[in-house]
Amino acid sequence: MRRAFLIAVPYLWLVALFLIPFVIVLKIALSDVALARPPYMPQLDLSAGWDGITAFFAALDFENFWFLTTDDLYWKAYLSSLQIALISTVMTLLVGYPIAYGMARAAPEWRPTLLMLVILPFWTSFLIRVYAWMGILSNEGLLNQFLMWTGIMSAPLTILNTNTAVYIGIVYTYLPFMILPIYSALERMDDSLLEAAEDLGCSRTSAFWLVTIPLSKNGIIAGCFLVFIPVIGEFVIPSLLGGSGTLMIGKVLWEEFFSNRDWPVASAVAVILLLILVIPIILFQRNEQKQREAEG
């Protein structure tokens, strides 16, 4: 009974917070938009008995999913989101790996302090941090004022409301998610392996590429998935830092729900986005399983 209870708790949690909301969203995606009513039809009328249930399921269709294939906006938004997420993940890896490597190679008494500095931004509201970047990257912001004060630039740069600002915001926001798993992998690495590689004739650079990188592969994979998966559906950063040319599926989803009030189409967009995210989530789980089996 204890084992069954322990297993049932996470499954009940997933059913309550994932499966049931997903079924509701899927039902709305199979419905039709309605005016002067709740944003979609049909509504389930249990008072009509079995006839009402039959009529409810008979009215559901896949027209909204078909509509997404006829409008270029949606598939371009999916592709643009995948592109931005992929580029942002690579940029976050290029910035985060040296930081994690430096933390792992720092003196043991300094590591808790460095780790706290990485986690420190989480103590501030995510929205406030994004608004702070708006003040930094605007034409009259701190960055342009500094560049003009030093004489590097004679005119302010236009960074805000561009894809460049979106990349900066994403890399800054999701950098800890890349640093922490890589740092965890590097911290457990045995330094004697590097000494053995150097004794066998490897230079420090060769030992880094042949020993350090392969041993930190699991941390790199975990960090990339932890950044890539949420960035695909990111809404706040492209809305506040990006311009009209920044096309991401999160912005399209918000506009369909709250501007167009087309809940069925918005739900169809959300269902397809979830199906796209299932692929990296499954790959991430398989990588974690392989890692646990290797450690066991």
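Selection of helices (runs of 4 or more DSSP H) fully inside the stretch 91-171 by the criterion of at least 2 residues being within 25 Å of the chain's Cα centre (by Cα) and without any contact (Cβ under 8 Å) to a residue 40 or more places away in the chain returns 111-119, 126-137.
Scanning the stretch 1-33 for residues that are closer than 28 Å to Ala59 by Cβ and more than 24 Å from the chain's Cα centre (by Cα) gives Lys27, Ile28, Leu30, Ser31, Asp32, Val33. Helices (runs of 4 or more DSSP H) fully within the stretch 231-296 that include at least 2 residues being touching a residue at least 24 places away in the same chain (Cβ under 8 Å), under 28 Å from Trp66 (Cβ atoms) and not hydroxyl-bearing (Ser, Thr, Tyr): 249-254, 263-295. Of the numbered criteria (1) within 18 Å of Leu79 (Cβ to Cβ); (2) under 16 Å from the mean Cα position of the chain (by Cα), the one Val269 fails is (2). Taking the stretch 60-75 as the range and being touching a Ser or Thr at 6+ places or on another chain (Cβ under 8 Å) and closer than 11 Å to Lys27 by Cα as the test, only Leu60 passes. Of everything in the stretch 27-60 that is modelled with pLDDT of 85 or more and part of a loop (DSSP other than H, G, I, E, B), the residue that is surrounded by the fewest Cβ atoms within 10 Å (Cβ to Cβ) is Leu30. Return yes or no: is Trp209 without any contact (Cβ under 8 Å) to a residue 60 or more places away in the chain, assigned to a helix (DSSP H, G or I) and over 30 Å from Pro112 (Cβ atoms)? So Trp209 fails the test.
Could you grab me the full set of residues in the stretch 172-201 that are without any contact (Cβ under 8 Å) to a residue 40 or more places away in the chain, of a type in the set (Asp, Glu) and either crowded, with 19+ Cβ neighbours inside 10 Å or not in a loop (DSSP other than H, G, I, E, B) (or both)? Don't jump to the end; show me each part of the working.
Going residue by residue through the stretch 172-201, those that are without any contact (Cβ under 8 Å) to a residue 40 or more places away in the chain are 184-185, 188, 190-201.
Those left that are additionally of a type in the set (Asp, Glu): 190-191, 195, 198-199.
Passing the criteria: Asp191, Glu195, Glu198, Asp199.
For Met248, the conditions (1) more than 29 Å from Met41 (Cα to Cα); (2) of a type outside the set (Phe, Trp, Tyr); (3) at pLDDT 90 or above all hold with the exception of (1).
For Val252, are the conditions met, namely being farther than 19 Å from Val90 by Cα, of a type in the set (A, V, I, L, M, F, W, C) and surrounded by 19 or more Cβ atoms within 10 Å (Cβ to Cβ)?
On the way: farther than 19 Å from Val90 by Cα: yes; of a type in the set (A, V, I, L, M, F, W, C): yes; surrounded by 19 or more Cβ atoms within 10 Å (Cβ to Cβ): yes.
Here the answer is yes, as Val252 does meet what is asked.
Of the residues making up the stretch 202-234, not one is in contact with a helix residue (DSSP H, G or I) (Cβ under 6 Å, 6 or more places away or on another chain) and loosely packed, with under 15 Cβ neighbours inside 10 Å.
Across the stretch 61-90, which residue is farthest from Gly233 (Cα to Cα) among those that are charged (D, E, K, R) and outside any helix (DSSP H, G or I)?
Of all residues in the stretch 61-90, those charged (D, E, K, R) come to 61, 63, 71-72, 76.
Adding the requirement that they be outside any helix (DSSP H, G or I) leaves 61, 71.
Details: Asp61: 25, Asp71: 19 Å.
So, considering only residues that are charged (D, E, K, R) and outside any helix (DSSP H, G or I), the one farthest from Gly233 (Cα to Cα) is Asp61.
The values are calculated or read from the model by the stated rules, or taken from the named source; none is laboratory data. The model shown is predicted, which means the values in this text are computed figures rather than measured ones. All Cβ positions, even for glycine, are placed from backbone atoms using ideal geometry, and neighbour counts span all protein chains on display.
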